[in-house]
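Structure first, commentary second.
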Ligand SMILES: Nc1ncnc2c1ncn2[C@@H]1O[C@H](COP(=O)(O)OP(=O)(O)OP(=O)(O)O)[C@@H](O)[C@H]1O
Ligand SMILES: [Mg+2]
């Protein structure tokens with residue numbers, strides 16, 4: 001059994017706080033993905049779980065036992081590094097069997113486990129090669145194989161696919177999902193690719209600046225982001241954020257307006273009083289034209305990206321910011337053309353202005 | 001495009017070729033020629049065939065020098081390698097005052113050999129040397145290097161290690177610095193102890209660097225001259241003579257240029273054997289690794 005419990009886990013680097021108290025329960029067999037912008041502390045958190053980084057405060061429990069001071073080799077974990085970290089002087093088979101040979105596993109047993117793992121990952125024909133004779137994707141398989149062979153109860157992945165090209169990334173993503181199904185082990189996976197996060201995760205942990213923003217099933221995070229940061233981070237392309245004024249709040253509904261927008265009534269969310277706020281509008285809920293009960297946005301086409309299956313329209317609103325709309329199918333528009341888009345107020349989200357001190361800071 | 005012909009290029013290369021010819025090739029040929037002649041001051045060289053080589057090889061002094069050289073090379077180079085490896089790993093593991101210590105370790109390389117030997121002669125002087133006095137004060141045996149052949153050899157070994165440690169250290173330290181730290185993290189997660197990390201990761205990966213340093217040092221140490229010549233002059237009673245000192249004695253003490261040349265060529269042959277062994281090992285390494 002390998003459930004993990006982090007309580008108030010902190011990390012300081014010489015007075016500089018990187019992880020500011022993380023509480024998290026990870027169930028046995030769960031696939032948890034850490035996402036967040038670069039430098040938010042994802043790797044640091046993962047490395048603390050691995051035992052490669054000391055825990056400055058709080059406790060980490062693995063399988064119900066305090067593991068803060070347990071050495072990495074006794075934690076029952078395996079880790080796959082972004083750089084693969086294969087031993088260059090050993091063959092693929094030796095790389096995969098390295099952990100077993102350190103533990104003095106009988107050779108026949110070790111060879112059998114390596115062979116079986118190689119079969120799962122379809123790298124049997126590579127077993128006698130050195131890492132330098134492999135492609136990036138093959139190296140990644142070997143690195144994953146090295147983790148599987150040891151039969152750990154927890155797998156840790158630190159951006160394992162970020163050095164692969166898009167097509168290979170998709171293949172490997174599916175393979176990792178399959179592996180998780182077959183092995184049933186607990187997996188913790190760090191990425192900043194939100195497609196990976198959405199497709200692989202049982203639960204996503206969104207981190208920012210060393211603080212957990214929200215934890216939940218991918219679809220829940222997409223539907224009900226708890227703040228503008230999560231809303232901007234989950235979902236692609238990024239949600240549009242429009243500065244608005246809240247005129248009145250009543251029974252969980254807020255009446256908001258801005259130059260060129262509304263007034264319109266949306267769900268109030270965390271807003272309790274009139275004032276400045278941010279209206280979040282996903283690009284996918286914007287459709288051309290107008291209809292009864294929808295909120296109209298008027299502007300000019302600033303940029304058009306026709307992908308065939310969908311069209312990305314960047315619209316500069318007549319009175320203010322630009323918004324991005326994603327329209328299914330092909331849309332024939334010309335730059336600078338006047339255009340109207342509308343969205344249903346029930347699909348929009350309202351956030352306090354304090355969520356986004358600097359809207360440009362949120363990455364796509 | 002202008003066509004460059006071979007003949008058109010030759011004049012441009014000529015100065016370098018000329019220089020090489022004058023300072024390297026002609027003297028080398030002359031030494032080969034000399035080694036087959038009896039030659040001294042005021043005497044016309046006289047052809048003697050291989051007899052110079054036979055004379056040298058059967059000379060007990062040469063054999064003694066050869067034996068000393070081998071002993072000093074084997075002991076000094078391997079001790080030095082162990083020390084350099086230990087120090088490289090120590091420096092890498094993050095000792096305090098690393099920069100200052102680094103300068104201290106590298107300093108001997110900046111000291112001229114003559115100055116270094118003069119310094120050591122003073123430090124280990126049997127009457128007034130600070131180190132001798134210190135050893136006496138601590139009740140430890142003193143190195144009686146000026147008249148005990150064994151002590152003199154020990155002194156030469158210590159001196160040559162001190163002088164060349166920076167070379168070996170720099171090569172090994174650079175190799176260790178170049179090793180990615182994530183390999184060690186992977187090894188730790190795989191369950192390696194520190195000792196296992198050393199034997200199973202560090203040592204194999206530093207192998208090529210160790211080999212390069214080792215063979216360079218073999219070849220350098222084989223030609224060792226100034227340490228011995230300036231410290232003991234090969235004495236007492238030729239007991240610490242090395243091959244290069246033997247050569248010098250033949251040429252400039254006994255004015256026997258023929259046998260000196262033969263000695264030089266024997267040294268070249270020995271170095272070539274070492275060097276080709278080195279290249280063979282290196283090629284095998286390169287094929288095996290990467
Ligand atoms: N050894 C260290 N000393 C001081 N600060 C560090 C150290 N290692 C990491 N940090 C800081 O900790 C923060 C988190 O780093 P971390 O590597 O966990 O980020 P990350 O979320 O993995 O980012 P990325 O997506 O770019 O990999 C960064 O601001 C980084 O500068
Ligand atoms: Mg990282």
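The values are calculated or read from the model by the stated rules, or taken from the named source; none is laboratory data. Model, not experiment: these values are computed from the prediction. For neighbour counting, all protein chains shown are included, and Cβ atoms are generated from backbone atoms with ideal geometry for every residue, glycine included.
Hey, which of the helices (runs of 4 or more DSSP H) in the range B:119-219, taking only ones fully inside, have at least 3 residues that are without any contact (Cβ under 8 Å) to a residue 12 or more places away in the chain and under 30 Å from residue A:88 (Cα atoms)?
Working: elements: B:130-137, B:149-177, B:181-190, B:194-197.
Answer list for the range B:119-219: B:181-190, B:194-197.
If you take the residues in the range B:224-236 that are modelled with pLDDT of 85 or more and not in a helix (DSSP H, G or I), which one is nearest to the other protein chains (Cβ to nearest Cβ)? Ranking the qualifying residues of the range B:224-236, first place goes to B:224. Of everything in the range A:37-49 that is within 16 Å of residue A:5 (Cβ to Cβ) and touching a residue at least 40 places away in the same chain (Cβ under 8 Å), the residue that is nearest to ligand 2 (Cβ to nearest atom) is A:46.
Take residue A:262 and decide whether it is in the same structural domain as residue A:348 (by TED's automatic domain parsing) and either part of a loop (DSSP other than H, G, I, E, B) or closer than 18 Å to residue A:339 by Cβ (or both). It is false that residue A:262 is in the same structural domain as residue A:348 (by TED's automatic domain parsing) and either part of a loop (DSSP other than H, G, I, E, B) or closer than 18 Å to residue A:339 by Cβ (or both).
Check off (1) more than 16 Å from ligand 2 (Cβ to nearest atom); (2) in contact (Cβ under 8 Å) with a residue 60 or more places away in the chain for residue A:12 and give me the number that stays unchecked. Tallying (1) more than 16 Å from ligand 2 (Cβ to nearest atom); (2) in contact (Cβ under 8 Å) with a residue 60 or more places away in the chain, residue A:12 fails exactly one: (2).
Residue by residue, here is whether (1) away from ligand 2 (no atom under 16 Å from the Cβ); (2) touching a strand residue (DSSP E or B) at 6+ places or on another chain (Cβ under 6 Å); (3) over 26 Å from residue A:268 (Cβ atoms) holds:
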| position | (1), (2), (3) |
| --- | --- |
| A:169 | yes, no, yes |
| A:182 | yes, no, yes |
| A:196 | no, no, yes |
| A:218 | yes, yes, no |
| A:223 | yes, no, no |
| A:237 | yes, yes, no |
| A:241 | yes, yes, no |
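Can you name the residue in the range A:39-59 that is more than 14 Å from chain B (Cβ to nearest Cβ) and away from ligand 1 (no atom under 11 Å from the Cβ) and is also nearest to residue A:78 (Cα to Cα) among such residues? Steps first, answer last, please.
Filtering the range A:39-59 for residues more than 14 Å from chain B (Cβ to nearest Cβ) gives A:39-42, A:45, A:55-59.
Right, trim to away from ligand 1 (no atom under 11 Å from the Cβ) and you get A:55-59.
On the way: A:55: 18, A:56: 22, A:57: 23, A:58: 22, A:59: 20 Å.
The selected residue is A:55.
All conditions but one from (1) in contact with a strand residue (DSSP E or B) (Cβ under 6 Å, 6 or more places away or on another chain); (2) at pLDDT below 85 apply to residue B:278; the one that does not is (1).
Conditions (1) surrounded by fewer than 18 Cβ atoms within 10 Å (Cβ to Cβ); (2) within 14 Å of chain A (Cβ to nearest Cβ); (3) more than 30 Å from residue A:96 (Cβ to Cβ), marked per residue:
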position: B:86; (1), (2), (3): yes, no, yes
position: B:92; (1), (2), (3): yes, no, no
position: B:109; (1), (2), (3): yes, no, yes
position: B:144; (1), (2), (3): yes, no, yes
position: B:168; (1), (2), (3): no, no, yes
position: B:179; (1), (2), (3): yes, yes, no
position: B:187; (1), (2), (3): no, yes, no
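Identify, from the list B:152, B:221, B:175, the residue that is under 17 Å from residue B:90 (Cα atoms), crowded, with 17+ Cβ neighbours inside 10 Å and touching a helix residue (DSSP H, G or I) at 6+ places or on another chain (Cβ under 9 Å). Quick ask: steps written out before the conclusion?
Values: B:152 fails: under 17 Å from residue B:90 (Cα atoms); B:221 fails: under 17 Å from residue B:90 (Cα atoms).
None of the other options fit; the residue is B:175.
Looking only at the range A:1-38, how many residues end up being part of a loop (DSSP other than H, G, I, E, B), surrounded by fewer than 20 Cβ atoms within 10 Å (Cβ to Cβ) and either near ligand 1 (Cβ under 8 Å from one of its atoms) or under 17 Å from the mean Cα position of the chain (by Cα) (or both)? Final tally of qualifying residues: 4. Of the helices (runs of 4 or more DSSP H) lying entirely inside the range A:76-187, those containing at least 2 residues that are surrounded by fewer than 19 Cβ atoms within 10 Å (Cβ to Cβ) and within 12 Å of chain B (Cβ to nearest Cβ) are A:92-102. Among the residues of the range A:60-74, those that are touching a residue at least 60 places away in the same chain (Cβ under 8 Å) and either within 14 Å of another protein chain (Cβ to nearest Cβ) or closer than 26 Å to residue A:104 by Cα (or both) comprise A:62, A:63. On inspection, residue B:202 passes the criterion of being under 30 Å from residue A:148 (Cβ atoms) and either crowded, with 21+ Cβ neighbours inside 10 Å or modelled with pLDDT under 90 (or both).
Among the residues in the range A:202-212, are any more than 14 Å from chain B (Cβ to nearest Cβ), within 16 Å of ligand 2 (Cβ to nearest atom), in contact with a helix residue (DSSP H, G or I) (Cβ under 7 Å, 6 or more places away or on another chain) and part of a loop (DSSP other than H, G, I, E, B)? No, there is no match, as no residue in the range A:202-212 is more than 14 Å from chain B (Cβ to nearest Cβ), within 16 Å of ligand 2 (Cβ to nearest atom), in contact with a helix residue (DSSP H, G or I) (Cβ under 7 Å, 6 or more places away or on another chain) and part of a loop (DSSP other than H, G, I, E, B).
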